[in-house]
Amino acid sequence: MHCALCKIKLCDSEGKNCYGENNSIDTIIDNDNIKTSSDMETDFGMQLTRIEELIMYCKRRNYKKIGIAFCVGMSNEVLLLVKILRSKGFKTESACCKIGGISKQDIGIKHADIKYDAICNPHLQAQALNKSKTDFNIIFGLCIGHDAEFTQSSNAPVSTLIVKDRVLAHNPIGALYSNYYLKKIERTDYL
């Protein structure tokens with residue numbers, strides 16, 4: 001199965017099932033998350049920002065308490081999000097990636113040459129939000145790998161709002177739209 005290589009996408013235009021297995025429509029029909037997302041796509045397709053979609057989705061799902069697992073490097077931005085969500089009537093809980101304050105030096109792993117280098121702790125972020133009984137959790141700029149660990153440890157459903165990309169102002173798809181970057185990555189030996 002390699003849908004990315006398909007040029008005609010008959011699944012989209014004609015409903016063709018290339019997978020060869022049952023469509024398992026029951027798993028879609030009984031899934032309120034999928035229905036809510038689909039309804040929003042129909043009602044607001046290409047009209048809402050990702051933050052507006054988050055607000056609308058949570059309202060439609062009747063989620064009251066939103067958890068945010070964020071990168072310490074985005075402390076200013078997460079504060080703006082918290083203010084927006086609270087102004088829309090949501091309760092918020094947040095957990096910084098450095099929660100627990102464990103030193104990389106103390107556990108013997110590679111660290112930056114600074115006074116104190118705390119390790120990110122996505123499991124403790126999830127534990128803190130689980131303890132707060134959040135209805136829905138947001139990933140806000142966690143590192144690759146840490147986001148996966150957080151998602152696996154979260155009791156509540158998780159969606160990514162911000163993807164970390166320090167080079168491209170947190171807009172990773174920009175690399176795919178840049179001929180300069182595409183040529184650069186072809187010449188890069190370290191990847």
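Could you please give the count of residues in segment 127-142 that are in contact (Cβ under 8 Å) with a residue 24 or more places away in the chain and either surrounded by fewer than 16 Cβ atoms within 10 Å (Cβ to Cβ) or over 15 Å from Val72 (Cα atoms) (or both)? Number satisfying all stated conditions: 10. Output yes when any residue across segment 26-33 is in a loop (DSSP other than H, G, I, E, B) and modelled with pLDDT under 95, and no when none is. Scanning segment 26-33, I find at least one residue that is in a loop (DSSP other than H, G, I, E, B) and modelled with pLDDT under 95, so the answer is yes. Residues that are surrounded by 11 or more Cβ atoms within 10 Å (Cβ to Cβ) and modelled with pLDDT under 75 within segment 3-22 are absent altogether. Here His123 meets each of (1) surrounded by 11 or more Cβ atoms within 10 Å (Cβ to Cβ); (2) within 12 Å of the chain's Cα centre (by Cα); (3) without any contact (Cβ under 8 Å) to a residue 40 or more places away in the chain with one exception, condition (2).
Of all residues assigned to segment 44-66, at least one qualifies as being of a type in the set (Phe, Trp, Tyr), farther than 18 Å from Gly145 by Cα and in a helix (DSSP H, G or I).
The residues in segment 69-126 that are small (Gly, Ala, Ser) and part of a strand (DSSP E or B) can be counted, and the count is 5. A Cβ distance below 6 Å, combined with a sequence gap of six or more or placement on separate chains, defines the contacts here; from segment 32-52, residues that are within 18 Å of Phe136 (Cα to Cα) reach residues that are part of a loop (DSSP other than H, G, I, E, B) in the pairs Thr36/Arg61. Please enumerate the residues belonging to segment 171-188 that are among the small types (Gly, Ala, Ser) and assigned to a helix (DSSP H, G or I). Hits for segment 171-188 are Gly174, Ala175.
If you filter segment 136-158 down to residues that are small (Gly, Ala, Ser) and part of a helix (DSSP H, G or I), you find that the one that is farthest from the chain's Cα centre (by Cα) is Ser153. Only one entry of Leu161, Leu168, Leu191 meets the criterion of being outside any helix (DSSP H, G or I), under 12 Å from the mean Cα position of the chain (by Cα) and of a type in the set (A, V, I, L, M, F, W, C), and that entry is Leu161.
The values are calculated or read from the model by the stated rules, or taken from the named source; none is laboratory data. Keep in mind the model is a prediction, meaning the values are calculated, not measured. Virtual Cβ from ideal backbone geometry, glycine too; neighbours counted across all protein chains shown.
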